[in-house]
Amino acid sequence: MGLYNKMKYLTPLFTFWLWVMSWASGPVKQSAQTARAQPAFSFTGPFTYPVGLEPMEACAADFDLDGYLDIALANMADGTFSVLFNEGNGRFEPQVKFASGVGPMSIISLNLNSDKWPDLAVANFGSKNVTLFVNDGHRAFSKVRTLYGGDAPWHLAWADLNSDSLPEIVVLDADNFTKDDTGQILIYAPDSDSGYELMQQIRVGAYPYYFQLLDWNGDGDLDLWVMNFHSQDALLLENKHGKFRTKEVIPFDTRCVSMFCGKLNPDQPDILAITSLDSLLVVYDQDLNLVETHHLGFAPFYVTAADLNNDSDQDLILASLYQNKLALWENTGLGFRPGLTVGTERMPYWIVPTDLDHDGDIDLVVTNHNSNSVSVWLNQHFSSILHKN
């Protein structure tokens, strides 16, 4: 497809990026907390590898079954996805690229044919579809099916939503980036022909940007939290045996872009951590009471969580897309506080926390949207100095 046609599909996204840049580059508030002199975390890196053009989301899985997790990521601007195979020590071989569709945004690992090899699904924003790829067991992937993705498929997940041991594919359709148009969640269930059939279409808010699945109410079914950018709210869709209904709506006074839902530690209920382009990090408890507000001094575009120092508490990991930094916030058991902030390549977009070198510590994979690269940070848990090569 020619450049003109590609830009025709991606112009709404490009316009949105310009809007984000103008917002994020404005005045920022000073942090309400200051980091301690002794860092709470320590990492070696970054080890940075070139990939395709403008990488977006990433995932980790053992694609060649050698016992080590590999990396796959979606390259938005050249219509490909890259796979980097782990050498066994957290270092990676050069990328292998595969064609996907126009404007790939999200990529997930799943099992399409019930064999032992992890397969892949890619959400293509420009093509308005989701492509499914089967792993042939020889470090290659073949496209086997294409699913309808709505007007703007943006984010994917694969999970068992009705406890039948047959996971569904969940697609976030961001629609047209306008305040008037609502997005939707598409749910595909496995069918008898080893494919997937569209089972549910759930309307949500205006321009939903992100969602996360977890059992919020403890009934055994995975519920859906959806972040709506233009609606300026977070929406809880409660799952009852595979059917969803709106349970809660949290309104905001600012545009929020990411969330983490989960437990602070094994003994506490779930929490909801939300980041905004106004440099805010807010935390809600399971009863949706606001329990923490932090003015970060930068605009965090993505937040996730993992236990980075092996104390059984989930720490927060934030990426600042415009300010080119990664901020790690320590979970003290009583709340969050700054732990370590490091510079990154240009426009860090997505973070995958996982153990890449089998040392028991959670490492970090970061896609760098404007550097056309992916960076790996290896956790050095017991070290007190950040080593940067």
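Select from Thr354, Thr332, Thr146 the residue whose mean-square fluctuation is largest in a Gaussian network model of the chain (Cα-Cα springs shorter than 10 Å).
Checking each option, the largest mean-square fluctuation is seen for Thr332.
Roughly what would the spin-label model give for Lys240 and Lys116, points 7 Å off Cα along C-beta, in nm?
Calculated label separation equals 4.3 nm.
Most fluctuating residue of His241, His138, His155 in a GNM of the chain with Cα springs under 10 Å: which is it?
His138
Let's test this: bin the Cα-Cα distances of the stretch 71-177 at 5 Å from zero up to the farthest pair and state each bin's percent.
The distribution over the stretch 71-177 is 2, 13, 22, 23, 19, 12, 6, 2, 0, given as percents.
Could you sort Arg255, Arg145 by accessible area so the largest value comes first, with the probe set to 1.4 Å?
Details: Arg255 20, Arg145 85 Å².
I get Arg145, Arg255, largest accessible area first.
Glu87 to Asp160: extension gain in nm, 0.36 nm per residue of separation minus the Cα-Cα distance?
Values: separation 73, 0.36 × 73 = 26.28 nm, distance 3.18 nm.
Stretched fully, the Glu87-Asp160 segment lengthens by 23.1 nm.
Within the stretch 316-347, which residues have the backbone N less than 17 Å from the label spot 7 Å out from Lys263 along Cα→beta-carbon, could you tell me?
Answer for this model: 316, 331-335.
In the structure displayed, which of Lys240/Lys263; Lys128/Lys243; Lys247/Lys325; Lys143/Lys240 lie more than 31 Å apart, Cα to Cα? Could you put the intermediate results ahead of the total?
Working: Lys240/Lys263 21 Å; Lys128/Lys243 25 Å; Lys247/Lys325 35 Å; Lys143/Lys240 33 Å.
Too far apart for the 31 Å limit: Lys247/Lys325; Lys143/Lys240.
Report the charge-dipole magnitude of the stretch 230-389 in Debye, nearest 20, computed about the Cα centre from +1 at each Lys and Arg Cβ and -1 at each Asp and Glu Cβ. Mind dumping the intermediate values first?
Details: 10 positive and 21 negative charges, 131 e Å.
The dipole of the stretch 230-389 has a size of about 620 debye.
Using 0.36 nm per residue, how much length does the chain from Ser142 to Arg346 gain when fully extended, once their Cα-Cα distance is taken away?
On the way: separation 204, 0.36 × 204 = 73.44 nm, distance 3.15 nm.
Stretched out fully, the Ser142 to Arg346 stretch lengthens by 70.3 nm.
Rank Pro118, Pro55, Pro208 by mean-square fluctuation in a GNM of the chain with C-alpha springs under 10 angstrom and give only the top-ranked residue.
Looking only at Pro118, Pro55, Pro208, the largest GNM fluctuation is found for Pro118.
At 7 Å along Cα-to-Cβ for each site, give me the label-to-label distance between Leu288 and Thr48 in nm.
It is 4.2 nm.
Using θ = phi - 60° and the Karplus form 6.51 cos²θ - 1.76 cosθ + 1.60, what ³J(HN,Hα) does each residue of the stretch 232-238 get, whole Hz, x for Gly and Pro?
Calculated HN-Hα couplings, in order: 6, 7, 10, 10, 9, 9, 7 Hz.
Along the stretch 294-302, what does the Karplus equation 6.51 cos²θ - 1.76 cosθ + 1.60 (θ = phi - 60°) give for ³J(HN,Hα), rounded to whole Hz, x for Gly and Pro?
With the stated coefficients, the stretch 294-302 comes to 10, 8, 7, x, 8, 8, x, 9, 8 Hz.
Relative to the present Cα-Cα distance, how much length would full extension add between His295 and Asp219 at 0.36 nm per residue of separation? Intermediate results must be reported in sequence, preceding the final value.
Numbers: separation 76, 0.36 × 76 = 27.36 nm, distance 3.46 nm.
Between His295 and Asp219, full extension yields 23.9 nm more.
Under a Cβ-Cβ cut-off of 11 Å, what is the net charge of the residues other than Leu65 that fall near it, where Lys and Arg count +1 and Asp and Glu count -1? Please report the intermediate quantities before stating the final value.
Working: positive: Lys116, Arg139; negative: Asp62, Asp64, Asp66, Asp70, Asp115.
Summing Lys and Arg as +1 and Asp and Glu as -1 gives -3.
Given charges of +1 on the Cβ of Lys and Arg and -1 on the Cβ of Asp and Glu, with all other atoms neutral, how large is the dipole of the chain about its Cα centre, in debye to the nearest 20? Write out the running numbers ahead of the final one.
On the way: 23 positive and 48 negative charges, 307 e Å.
Roughly 1480 debye for the chain.
Please compute, over every Cα-Cα pair in the chain, the percentage with a separation greater than 30 angstrom. Walk me through the numbers before you get to the answer.
Numbers: 27330 of 75466 pairs.
Of the Cα pairs, 36 percent sit more than 30 Å apart.
The values are calculated or read from the model by the stated rules, or taken from the named source; none is laboratory data. These numbers come from a predicted model, not from an experiment. Cβ: placed from backbone, ideal geometry, glycine included. Neighbour counts: every protein chain shown. For the accessible areas, the whole protein counts, side chains as well, though only heavy atoms, and no ligand, DNA or RNA atoms are used. Shrake-Rupley method; radii C 1.70, N 1.55, O 1.52, S 1.80 Å.
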